[in-house]
1. Considering only region 135-150, I want to know if a residue exists there that is on the phi < 0 side of the Ramachandran plot, among the acidic types (Asp, Glu) and touching a Lys or Arg at 6+ places or on another chain (Cβ under 8 Å).
2. Given the options GLN182, GLN115, name the one that is in contact with a helix residue (DSSP H, G or I) (Cβ under 8 Å, 6 or more places away or on another chain), surrounded by fewer than 21 Cβ atoms within 10 Å (Cβ to Cβ) and under 30 Å from SER4 (Cβ atoms).
3. Restricting to region 54-84, name every residue that is touching a residue at least 24 places away in the same chain (Cβ under 8 Å), of a type in the set (Lys, Arg) and part of a loop (DSSP other than H, G, I, E, B).
4. Given region 85-184, what strands (runs of 3 or more DSSP E) lie entirely inside it while holding 3 or more residues that are modelled with pLDDT of 95 or more and not charged (D, E, K, R)?
5. Which condition breaks for THR48 when tested against (1) at pLDDT 90 or above; (2) closer than 23 Å to VAL192 by Cβ; (3) hydroxyl-bearing (Ser, Thr, Tyr)?
6. Report, by residue number, each residue of region 89-112 that is among the charged types (D, E, K, R) and touching a residue at least 40 places away in the same chain (Cβ under 8 Å).
7. Go through region 55-75 and report how many residues are within 13 Å of GLN32 (Cα to Cα) and over 18 Å from the mean Cα position of the chain (by Cα).
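The values are calculated or read from the model by the stated rules, or taken from the named source; none is laboratory data. All values derive from a computational prediction rather than experimental measurement. Cβ coordinates were reconstructed from backbone atoms using ideal geometry, including for glycine residues, and neighbour counts include every protein chain displayed.
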Amino acid sequence: MINSNQSIFLASKSPRRRKLLKQIGLKFKSFQVDLHEEIFDGEHPVQTVKRLSLHKMKEAAKKVSDSIIITADTIVVLDHEIIGKPKDEKDAFKILSKLSGRTHEVYTGFSILNQKTKKQIVSYEKTKVTFRILSKNEVVDYIKTGSPMDKAGAYGIQDDFGSVFVERIKGCYYNVTGLPIQKLYKELLKIV
């Protein structure tokens, strides 16, 4: 268990990330950082998720002081193309159709900052995910639930129908849900 006499903040609106931190018994508060998550052509996915989590960290650090802050960003990559959250239902359909019957990678970058000691850790995790072949009706029905709209790659592996799309994974399951919790825990131990 992690005990800290400093306040710990998760700068994320993701209910999945909050749930994972609660799962390991971490006492924290959360708030949202709104910023445009810009994807650069030709940038490696590792650099992208690290850059985005650091950008969120810089914004989050303006809102609190003398605290420990955690930020994260998750992307899906297929054929060297970075796939973020869908823009609309049509985009969600296009994304899920592309992922159907294929293997993609999920990258999550995370940053941890101890504002008192100025110590900062930036890391990432990568997981390979294979989808079974999806029917058009399954994709349409899933999109109607609204669930794909706030998720990188337009699906959630946990808590909803998106879980039945996944045939297998290689790597950290929790990374696909938005936070590689085991790796994050080990890094938090170094910083509290």
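1. Our first condition is that a residue be on the phi < 0 side of the Ramachandran plot; within region 135-150, this holds for 135-145, 147-150.
Still in the running and among the acidic types (Asp, Glu): 138, 141, 150.
Subset that is touching a Lys or Arg at 6+ places or on another chain (Cβ under 8 Å): 150.
Scanning region 135-150 turns up at least one residue that is on the phi < 0 side of the Ramachandran plot, among the acidic types (Asp, Glu) and touching a Lys or Arg at 6+ places or on another chain (Cβ under 8 Å).
2. Step by step, each of GLN182, GLN115 is checked, and only GLN182 is in contact with a helix residue (DSSP H, G or I) (Cβ under 8 Å, 6 or more places away or on another chain), surrounded by fewer than 21 Cβ atoms within 10 Å (Cβ to Cβ) and under 30 Å from SER4 (Cβ atoms).
3. Scanning region 54-84 gives a single hit, LYS63.
4. Ranges flagged: 103-114, 120-131.
5. In the conditions (1) at pLDDT 90 or above; (2) closer than 23 Å to VAL192 by Cβ; (3) hydroxyl-bearing (Ser, Thr, Tyr), THR48 misses (2) alone.
6. GLU89, ASP91, GLU105
7. So the count comes out to 4.
Residue-by-condition table, conditions (1) farther than 18 Å from GLU105 by Cα; (2) of a type in the set (Val, Ile, Thr); (3) in contact with a strand residue (DSSP E or B) (Cβ under 9 Å, 6 or more places away or on another chain):
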| residue | (1), (2), (3) |
| --- | --- |
| TYR124 | no, no, yes |
| PHE131 | no, no, yes |
| GLY146 | yes, no, no |
| MET149 | yes, no, no |
| ILE157 | no, yes, yes |
| VAL164 | no, yes, no |
| GLU167 | no, no, yes |
